[in-house]
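No value in this document is a laboratory result; all are computed from the given coordinates. Computed from a predicted model, the values in this text were never measured in an experiment. Cβ sites come from the backbone with ideal geometry, for glycine too, and all protein chains shown count toward neighbours.
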2 protein chains.
Amino acid sequence: MRLSRYFLPVLKETPAEAQIASHRLMLRAGMIKQASAGIYSWLPLGFKVLRKLENIVHEEQQRAGHIPMLMPTLQSAELWKESGRYDAYGPEMLRIRDRHDRDMLYGPTNEEMITDIFRSYVRSYKDLPLTLYHIQWKFRDEVRPRFGVMRGREFFMKDGYNFDLTKEDALHAYNRHLVSYLRTYERMGLQAIPMRADGGPIGGDYTHEFLVLAETGESEVFYDSEITDLTFGDRQIDYDDVAQCEAVLEEFTSRYARTDETHDEAVFAEVPEERRRTARGIEVGQIFYFGTKYSEAMGATVQGPDGKPVEVHMGSHGIGVSRLIGAIIEANHDDKGIIWPEGVTPFHVGIVNLKTGDAEADAACESLYKALEAKGLEPLYDDRDERAGGKFATMDLIGLPWRITVGPRGLKNGVVEVTSRRTGESEEMAPDAAIEKIIGIYAGL
Amino acid sequence: MRLSRYFLPVLKETPAEAQIASHRLMLRAGMIKQASAGIYSWLPLGFKVLRKLENIVHEEQQRAGHIPMLMPTLQSAELWKESGRYDAYGPEMLRIRDRHDRDMLYGPTNEEMITDIFRSYVRSYKDLPLTLYHIQWKFRDEVRPRFGVMRGREFFMKDGYNFDLTKEDALHAYNRHLVSYLRTYERMGLQAIPMRADGGPIGGDYTHEFLVLAETGESEVFYDSEITDLTFGDRQIDYDDVAQCEAVLEEFTSRYARTDETHDEAVFAEVPEERRRTARGIEVGQIFYFGTKYSEAMGATVQGPDGKPVEVHMGSHGIGVSRLIGAIIEANHDDKGIIWPEGVTPFHVGIVNLKTGDAEADAACESLYKALEAKGLEPLYDDRDERAGGKFATMDLIGLPWRITVGPRGLKNGVVEVTSRRTGESEEMAPDAAIEKIIGIYAGL
């Protein structure tokens, strides 16, 4: 993309309403614009990141054998009356009446609707196991929306639902989700720690939240420092392998890691003192096993192997996709702006032309731009007639992890400069070498 | 995908509520399930097609230089009061009140919101031309939703908006959209004819609707038969080239083609009698140039070259993405089911194992399945232990354009059978040749 043809309305001023770094930087980098309280338009740069995260979630869910579909944003109140949650949900549920005076609502989650789909079609245990998921806009009418997309009202979320014949099978689905989530977050450049959580309004005995450590997190967290040494890495997982998935769960959840909701001072005290950590965390996902809570309330049964009806065991599993962008920025920024992890950056590399209008500099930039595009990468080329300082500030603010700087002086010596946004380190090299370097960085991502 | 692990709830019975083929077939093929009147869940097969169409629209819009973003589904009533459409829109607008008693609405379209974004950031004519678009869920509270996704209430739509300094520039944007739409529909296997249309509630002197001919279409259409001989083909278009885009518009709109809303019997009579056609059509898109209607009402001005403020010239351009699926099926089906065009089929090829459990047949199917996947294709492998007749009926119903049938008898002779869903013709060939044939069909799509 050539910046002269893009829509990147960066702001010089820091917006007064933004209290935390991610909110401030998303506004300043031209990623979002508030439409109403807690509701945002995703400007081109923001949408590009959102779409990348969405695609990563799709890929990892499908790798785990989960099946994508899409439920609508608006739901009929009927289903929620059946489960008993219509009255229980409170004022965070956005209730709507249509032109025929039917009670509707903007879905905050989809347990009821997916259970209704399941019971409409599935009759036999032979059709299990089944895990369906979707990524869809949801609404929670927060009384005081704040922190930008971190605590908005209209938000984009992946929610998946498993249907299993037995508790054991359902716990395998639970473990599979935990594994797939670990992979998902790592691909996004995040360390998200699974912590024992509280069931809340969805219910469930087994539930883990995934928390990203960040000073601005809304939860206080307590953990054994050994846990932050764990990485998922590129291990190959057979998601059908019960023992293998269980071992990952075991590895990532056996150490103490809890939020203030479930924190137990006595148990925490058993962690050696030098490994006890207290910090703040941002919740970016949660998994639940809640057994037959919804299948009982809504009559979701299958015929079991013995011919008798069995209420299916269910769980639900969410990733806050729009909120993740805030979490990624909270964990990856400095005074100058955002620092995107390579896995989610909106553009792979920025090209800064130090002297737009200079024939040689223009030609070198064009040639870099086209070569990178030909390799399937997306460069953002700042071809505007602006001062170099302004161009650097914009690139730093929007946080592309790599920048190639092209100017007449370097070109005389046959070199351009490649700069890492994260370390600030620059290296001079021939344009061809710069292309190879960038290709190498993104190979396999 | 292995059918034994997929969720494809096909129905044997024809649902009573479905009056037209696409609605009937989408329900029977397990693509959608009604959630409430005019609101659908997209089951896995339906979602897969929806996502393909979404991606095609994204690709073609970006090829034309239009910039993707995403506006929220809920809007504040304030903007609509500013444009004067809040009261004018009538009961099809779903009006919502949030917990703080603020008036909101579920966006039926986004002229106001995009104009607000534009005026918030853009100050100079130098930032023009600019075309932004998004693909988002919208809501129209139809009094009598019907025909499945063809006339639903919650629907998925691409809407794009151009901002230009002059009428001439805006008309180039108009032409660019027309060209990109022609390409888009053809990639989906559709012939959509641009017809002179009526401005309606969005307004505008220049507007064309795109109509797909189908017996069940809601509009009566009148056209010169020469128009159906036109194809866009694989011509390379430079979207910056004003004359080239205008020539395409000229070519595709100079012959008589109108809906009942704009039909003029006297002008139609000038078409030679043997070329005059009357038919029915489904509207799948519309483009508008409406000048300064919204920029005037909402103060969207830029500083012109002479330093004076200029109200920008705008247009809006929509494609009904969810409705397109209905239109594609209306134009591509037979008694047995859907017949997907190759460009939008949910799976590229079906593999039918005539004798699941037979070691040789199982191995041959596995090997075909893996070879096709390795080539980046998505086969749907019916590995269930079912009768061959049932497997064929399912494949015909869901409409994959190609099927490979594998059975012990053929394998003895070293062959499998490749069948075209459209023609019904079958050909025997070695498994390797079958793979090559399928790869060849999808090369370049």
| task | Excluding residues on the same chain fewer than 8 positions from A:Lys437, give the lysines whose Cα lies under 27 Å from its Cα. | result | A:Lys48, A:Lys52, A:Lys336, A:Lys355, A:Lys370, A:Lys375, A:Lys391, A:Lys412
| note | At R0 = 35 Å the Cβ-Cβ FRET efficiency linking A:Leu230 and A:Leu445, nearest 0.05, sits at 0.95
| message | Taking beta carbons within 10 Å but only from partner chains, what does the mean come to for residues A:3-13? | response | 3
| said: Taking a point 7 Å out from Cα toward Cβ as the label site, list the nm distances between B:Glu218 and the same residue in every other copy, smallest first. | reply: 4.0
| request: Please work out the C-alpha center-to-center distance from region A:104-169 to region B:12-54 and express it in whole Å. | output: 20 Å
| request: Would you mind ranking A:Thr184, A:Thr131 by Cβ crowding within 10 Å, fewest neighbours first? | output: A:Thr131, A:Thr184
| said: From the gyration tensor of the Cα coordinates in region B:297-436, what semi-axes in whole Å does the equivalent ellipsoid have, largest first, with each one equal to sqrt(5λ)? | reply: 49, 17, 12
| message | Using a label point 7 Å beyond Cα on the Cα-Cβ vector, give me the inter-copy distances for B:Asp229 in nanometres, one decimal, shortest first. | response | 7.8
| request: Within 10 Å of each Cβ in peptide A:95-101, how many partner chain Cβ atoms are there on average? Round it to a whole number, please. | output: 6
| said: Rounded to the nearest 20 debye, what is the charge dipole size of region B:349-442 about its Cα centre when +1 sits on each Lys and Arg Cβ and -1 on each Asp and Glu Cβ? | reply: 200 debye
| request: Order by neighbour count: B:Met298, A:Met188, fewest other Cβ atoms within 10 Å first, most last. | output: B:Met298, A:Met188
| field | A:Glu54 paired with A:Thr262, simple spin-label distance in nm, labels 7 Å along Cα-to-beta-carbon | value | 3.1 nm
| Over 24 Å [Cα-Cα, region A:40-175], rounded percent | 41 percent
| said: Taking every DSSP beta bridge with both residues inside region A:1-152, roughly what % is antiparallel (nearest 5)? | reply: 85 percent
| note | Under a Gaussian network model of chain B whose springs join Cα atoms within less than 10 Å, the largest fluctuation of B:Pro305, B:Pro379, B:Pro194 belongs to B:Pro305
| Averaged over A:110-117, number of beta-carbon atoms from partner chains that fall within 10 Å | 2
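For A:Met93, B:Met31, what's the fewest-to-most ordering of other Cβ within 10 Å of each Cβ? Please list the in-between numbers first.
Values: A:Met93 23, B:Met31 32.
Least to most surrounded, the residues fall as A:Met93, B:Met31.
Divide, for chain B, the radius of gyration over alpha carbons by 2.2 N^0.38 Å, where N is the residue count.
This ratio for chain B stands at 1.09.
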| Charge-dipole axis of region B:3-338 as Lys and Arg at +1 and Asp and Glu at -1 on Cβ define it, positive-most pick from B:Ala257, B:Ser180, B:Leu27 | B:Leu27
| Antiparallel DSSP bridges in region A:7-338: what percent, to the nearest 5? | 95 percent
| message | Which one, B:Gly84, B:Ala266, B:Gln303, projects farthest toward the positive side of the charge dipole computed for region B:3-338 from Cβ point charges (K/R +1, D/E -1)? | response | B:Gly84
| task | Can you spot the lysines whose alpha carbon is less than 22 Å from B:Lys81's alpha carbon? Ignore those fewer than 8 places along the same chain. | result | A:Lys33, B:Lys138, B:Lys293
| request: Run through the other copies and list how far each one's label point is from that of A:Pro91, in nm with one decimal, shortest first; the point sits 7 Å from Cα along Cα-Cβ. | output: 3.1
| field | Computed [θ] at 222 nm, deg cm²/dmol, chain B (DSSP H ≥ 4; -39,500 (n - 2.57); rounded to nearest 500) | value | -10000 deg cm²/dmol
| Farthest toward the dipole's positive end in region B:349-442, which of B:Ile351, B:Ala434, B:Thr423, given Cβ charges of +1 (Lys, Arg) and -1 (Asp, Glu) about the Cα centre? | B:Thr423
| task | Report the FRET efficiency, 1/(1 + (r/R0)^6), for A:Arg63 and B:Asp362, where r is their Cβ-Cβ distance and R0 is 25 Å, rounded to 0.05. | result | 0.55
| request: Treat every Asp and Glu Cβ in region A:140-204 as -1 and every Lys and Arg Cβ as +1, leave all other atoms uncharged, and give the resulting dipole magnitude about the Cα centre to the nearest 20 debye. | output: 320 debye
| task | Multiply the residue separation of B:Arg275 and B:Leu11 by 0.36 nm, subtract the distance between their alpha-carbon atoms, and state the gained length in nm to one decimal. | result | 90.8 nm
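Under a Cβ-only charge scheme (Lys and Arg +1, Asp and Glu -1), can you give me the dipole magnitude of chain A about the Cα centre, in debye to the nearest 20?
1580 debye
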| said: Averaged across orientations, what area in nm² does the convex hull of the alpha carbons in the protein assembly as shown project? | reply: 39.9 nm²
